[in-house]
Amino acid sequence: MDSGLAQRSPPRLADLLDEGPTALFLDFDGTLVEIAPGPDAIAPRAGLADALGRLADRLEGRLAVISGRAIHDIERHIGALGIAAAGSHGTDIRTAAGEPLGEGPAGLPDAISSALRGFAEREGLAYEAKPHGGALHYRSAPGRGEDAHAFASKLAEAHGWKVQGGKGVVELVARGASKGGAVDLFMDAAPFAGARPFFIGDDLTDEAGFEVCEARGGAGIIVGDREPTAARYRLGSVGDVHAWLGL
């Protein structure tokens with residue numbers, strides 16, 4: 001990652017489209033919806049799924065949501081997605097037609113899920129089971145974050161899994177899982193192949209997506225003021241993302 005914060009606003013989307021085929025990859029929490037105290041406390045804007053569908057039409061299908069959430073969990077909050085999507089940090093990937101890409105998510109072993117659940121109960125944290133792994137949410141108890149990361153790291157090392165940190169959350173995921181890997185899979189397939197890719201996201205897990213887009217001739221767009229980052233451009237807030245996308 002670069003040593004500083006991306007300061008420039010991205011070019012207008014209309015200008016990018018005038019330059020040639022453009023692909024957009026969008027994080028969900030902190031990018032399309034505001035961060036909330038817990039994963040079920042988000043309040044998406046009405047009609048978000050339909051708005052994304054219209055944007056996908058404008059991009060000739062070259063739009064995908066790439067989230068740490070499972071795809072079915074996103075749809076539980078905003079309705080059916082008629083666009084390409086990658087859930088579970090790039091381990092559960094599907095085309096706009098609903099066809100799978102890649103190998104699919106690796107389920108979390110019972111020994112890991114039991115340990116995470118037990119830790120959450122003892123420490124007063126929220127545990128979230130996901131198709132690709134499990135997460136400890138400590139946004140409501142930030143003082144427990146360091147202990148949660150330490151516990152998750154030891155557990156991951158013992159079982160050969162990987163730890164990923166985010167805003168108020170630490171997760172265990174299968175090795176090799178990343179949002180950057182999802183971007184690569186999409187960019188090697190129609191209708192994304194040959195387009196200039198841009199990834200919009202706010203969290204540490206989005207950095208892999210920024211880096212892949214940069215390597216493929218596009219760029220990352222970070223949301224908020226987190227630094228350092230590999231993103232070349234910056235948007236200040238979820239509202240700014242919606243405005244830039246024309247949602």
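Okay, here's what the table says:
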quantity	calculated
Point-to-point label distance, Ala150-Leu17, nm (Cα→Cβ direction, 7 Å offset)	5.2 nm
Rounded, prolate or oblate (a/c below 1.5 giving rounded, otherwise prolate when a/b exceeds b/c) for the range 1-95 by Cα gyration tensor	oblate
Gyration tensor verdict on the chain (Cα atoms; rounded if a/c is under 1.5, prolate if a/b is larger than b/c, oblate otherwise)	prolate
Extended-chain gain in nm, criterion 0.36 nm per residue less alpha-carbon gap, Asp40 and Glu157	39.2 nm
Mean Cβ count within 10 Å, highest first, over the residues of peptides 113-126, 60-73, 10-23	60-73, 113-126, 10-23
Computed [θ] at 222 nm, helices only, for the chain once each DSSP H run of length n ≥ 4 contributes -39500 (n - 2.57)	-9500 deg cm²/dmol
Residue-wise HN-Hα coupling along the range 133-144, computed from phi with Karplus coefficients 6.51, -1.76, 1.60 (Hz; x: Gly, Pro)	x, x, 10, 10, 9, 10, 4, 7, 9, x, x, 9
Dipole in debye (nearest 20) - the chain, about Cα centre, beta carbon charges: Lys, Arg +1; Asp, Glu -1	100 debye
DSSP-defined antiparallel bridges as percent of all bridges, the chain, nearest 5	50 percent
Efficiency of FRET between Glu60 and Ala243 - r from beta-carbon atoms, R0 22 angstrom, step 0.05	0.50
Net charge contributed by nearby residues that have their C-beta within less than 12 Å of Gly145 (K/R +1, D/E -1)	0
Long-range HN-HN contacts of Gly224 with modeled amide H, under 5 Å	Leu235, Gly236, Ser237
Tilt relative to the chain, helix 48-58 - C-alpha long axis, 0 to 90 degrees, to 10	40 degrees
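Values quoted throughout were computed directly from the atomic coordinates according to the rules given, and no laboratory measurement underlies them. Predicted, not measured: the structure shown is a model, and the values here were computed from it. FYI the Cβ positions are ideal-geometry reconstructions off the backbone, even for glycines, and counts take in every protein chain you see.
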